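The values are calculated or read from the model by the stated rules, or taken from the named source; none is laboratory data. Since the model is a prediction, treat every value here as computed from it, not as a measurement. Note: ideal-geometry Cβ built from the backbone for every residue, glycine included; neighbour counts use all protein chains shown.
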Amino acid sequence: MSTPDRIDDVDALRGFALLGILLVNSMAFASAFYGLEIADPASATMTDRVGHFAIALFFEMKFYLLFSFLFGYSFTLQMRSAEKSGEAFVPRLLRRQAGLWLIGVAHAVLLFHGDILTTYAVLGIALLMLRNRSDASLLRLAKWLVILITIAWGALGVLATLEPMPLDRTAILAAAEATEIAFRGDWQAIINQHLFELSSVWIIVGLLQAPCALAMFLLGLIAGRRKMLARPLENQRLFKRLVCAGLCVGLPGAIVYAYASVELLGSPLAILGLAVGLITGPFLTGAYVGGMMLFFGRPVGQRFCKLLAPAGRVALSNYLTQSLILALIFHGYGLGLVGQVSPLATVLISLGIFAGQLLLSRWWMARFAYGPLEWVLRFVTIWRAPQWRKPVEAR
């Protein structure tokens, strides 16, 4: 995107989303028990449980939705950019998605098996195919994607409740121990573990994240068409309604999800809690959008927006840098601290990483037109070398 096409509020929201994603991903790096049916025995104190509850309540199942919404919104900005440059949009988008997929594959294999970029790369093609549908049609599709995936997981939860299967704690503990040993090993052991995790993570991606992410893509596309974030003063009432819906629907659903995922972990009721989180998560995500947009309209919020926006402009580079730093902290080719850091300490580490990224992003964007990976992706998209440094007069 050229400078005149940038929307500071969109970049700031993307920077805000980076914080939530970092907090969630750091939990997966820190413990081999993340995503398993039993809690980490090393993190069983009240403080640890409160930390897990807070992350599940405010961040899990919400911030990747926020990132997905912004992806759909930025899709419309890319369309306008292609139109201004007089270039065909479809070839540009296909090259961009191919580049994003390759970056995502490298990220998943080398750093973090929980990569979301490959999913976004594939779903971006679906968004391209749906781009000419009416807003009403896109809204119906988004609604039914969320409803159907909720029904599916809710039905699974009901079946699991009616015919519960006992947990094999011994097998789960053995699997977690093997994972810790692998992540404390050398490069080969870590990559092999990532590949092993990827062999099963597609189930979660395909049957949980992808439908919800596509739904938020579609909502972002609608919002981008209407320039909702570019016209904040005209949408004050909408933002307030989003906050109200988030507090009335999203927050109670998030409480149910967090309680089920922390206190009922391993129980069939946890699956029902997940279903509640799926159907109500978009409402809380909408509240984040509406609340932050209202906040950005105030003097103190404008300063906060300027702090977050540079990080959002280099979101791709920051996202992978977060994984790199966490890998160096928790994997064997670094400090190898997996399974040895409490949830509270993990949160503090994440906040420190994000604070450093805010400062570095501001310094970088004052001198360069793109982040390192953004430059690479831009090169693939337009198929020529974009400008690297900012002109002196623009600094």
* Structure fact -> Quick count over region 373-393, residues being surrounded by 15 or more Cβ atoms within 10 Å (Cβ to Cβ) and either in contact with a strand residue (DSSP E or B) (Cβ under 9 Å, 6 or more places away or on another chain) or not β-branched (Val, Ile, Thr) (or both), is 8
* **Neighbours by Cβ (under 8 Å, 6+ apart or cross-chain): first from region 79-92, closer than 15 Å to Trp383 by Cα; second among the polar types (S, T, N, Q) and in a helix (DSSP H, G or I)** => Phe89/Gln78; Arg92/Gln78; Arg92/Thr381
* **Thr321 being under 24 Å from Ile7 (Cα atoms), under 21 Å from the mean Cα position of the chain (by Cα) and touching a residue at least 12 places away in the same chain (Cβ under 8 Å)** => yes
* Since Gly339 meets every condition but one in (1) exposed (fewer than 14 other Cβ atoms within 10 Å of the Cβ); (2) of a type in the set (Gly, Ala, Ser); (3) under 26 Å from Val262 (Cα atoms), which condition does it not meet? -> (1)
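Yes or no, residue by residue, for (1) buried (at least 20 other Cβ atoms within 10 Å of the Cβ); (2) modelled with pLDDT under 90; (3) assigned to a helix (DSSP H, G or I):
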position	(1), (2), (3)
Ala182	yes, no, yes
Ile204	no, yes, yes
Lys227	no, no, no
Leu238	no, no, yes
* To do: Taking the options Asp135, Asp115, Asp168, name whichever one is farther than 19 Å from Leu214 by Cβ and either charged (D, E, K, R) or loosely packed, with under 13 Cβ neighbours inside 10 Å (or both).
  => Asp168
* **Long-range neighbours under 8 Å by Cβ, at least six apart or interchain, first residue without any contact (Cβ under 8 Å) to a residue 24 or more places away in the chain and under 23 Å from Gly185 (Cα atoms) within region 32-47, second of a type outside the set (Phe, Trp, Tyr) and assigned to a loop (DSSP other than H, G, I, E, B)** => Tyr34/Asp40
* To do: Determine if region 355-371 includes at least one residue that is more than 19 Å from Ala12 (Cβ to Cβ), touching a helix residue (DSSP H, G or I) at 6+ places or on another chain (Cβ under 7 Å), at pLDDT 90 or above and crowded, with 17+ Cβ neighbours inside 10 Å.
  => no
* Restricting attention to region 345-395, report how many residues are in a helix (DSSP H, G or I) and of a type in the set (D, E, K, R). => 4
* Asked: Taking only pairs six or more apart or across chains, which ones have beta-carbon atoms under 8 Å, a first residue in region 252-274 that is under 19 Å from Ala287 (Cα atoms) and without any contact (Cβ under 8 Å) to a residue 60 or more places away in the chain, and a second residue that is crowded, with 17+ Cβ neighbours inside 10 Å and among the aliphatic types (A, V, I, L, M)?
  -> Gly253/Val276; Gly253/Ile279; Gly253/Leu284; Val256/Val276
* Index of the failed condition, Pro299 passing every other in (1) surrounded by fewer than 18 Cβ atoms within 10 Å (Cβ to Cβ); (2) over 18 Å from Met228 (Cα atoms); (3) touching a residue at least 12 places away in the same chain (Cβ under 8 Å); (4) of a type outside the set (Asp, Glu) -> (3)
